[in-house]
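Each remark here refers to the structure printed beneath this line.
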Amino acid sequence: MDTDVERKHCSFCGVRGKRGMLFAGGHGAMICESCVAHYADVFSSSAKTAKASVPPWESMSDAEILSNLPLIARTAEQVDDFLVEWVELARSRQLSWAAIGTAMGVSRQAAWERFARRVEQLRERSTTA
Ligand SMILES: [Zn+2]
């Protein structure tokens, strides 16, 4: 698993990780310590939670909407990379492509076509790094 914070982005604010920063993650989405503190404050009272529950895009300009597209794409890429790491983990435990396909609701062949090459590339990178 790639746990290098310098290759991660916060899925909430988009900040790129730097050495010494704290990031928490779950299923490929990452959150920086500033966003953790922000959301801890938002969730600290029902009044703050209610105030923050208005969808932010409703007050955004077109430029702000557009500026969010790369962040969302980067988060999707980060989550997709994490999925490949987990498929590689499953394969390293000798789990079959059929089992992986079943877990993902697709055929063995579809799972293999989607992940086999990327799992191999990931293994090549980790043995040469
Ligand atoms: Zn953040």
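Nothing in this text is a laboratory measurement; each read-out follows from the coordinates by a stated rule. The structure displayed is predicted, hence computed values, not measured ones. Heads up, the Cβs are rebuilt from the backbone with ideal geometry, glycines too, and the neighbour counts pull from every protein chain shown.
Structural remarks
- The chain, relative contact order in percent, only Cα pairs under 8 angstrom and at least six apart counted: 18
- Annotation for Ala37 and Lys51: the two label points, set 7 Å from Cα along the Cα-Cβ direction, are 1.8 nm apart.
- The distance between label points at Thr102 and Val79 comes to 2.6 nm (points 7 Å beyond Cα on the Cα→Cβ vector).
- 222 nm mean residue ellipticity, helices alone, for the chain (DSSP H n ≥ 4; -39,500 (n - 2.57); rounded to 500): -19500 deg cm²/dmol
- Amide N of the stretch 27-43 lying under 12 Å from the label point, which is placed 7 angstrom from the Cα of Glu58 along Cα→Cβ: none
- Equivalent ellipsoid dimensions for the chain as semi-axes, Å, which come from the Cα gyration tensor, largest first: 34, 18, 15
- Residues of type lysines that Lys8 reaches as a straight line, Cα spacing below 23 Å, ignoring anything fewer than 8 places off in the same chain: Lys18
- Taking a straight Cα-Cα cut-off under 20 Å and skipping sequence neighbours fewer than 8 places away in the same chain, the aspartates and glutamates within cross-link reach of Lys48 are Glu33, Glu58.
- In a simple Cβ point-charge model (Lys, Arg +1; Asp, Glu -1; nothing else charged), the chain has a dipole of about 340 debye relative to its Cα centre.
- Ordering Gly25, Leu89, Thr75 by Cα displacement along the dipole of the chain toward the positive end leaves Leu89 in first place; charges were set at the Cβ atoms of Lys, Arg (+1) and Asp, Glu (-1).
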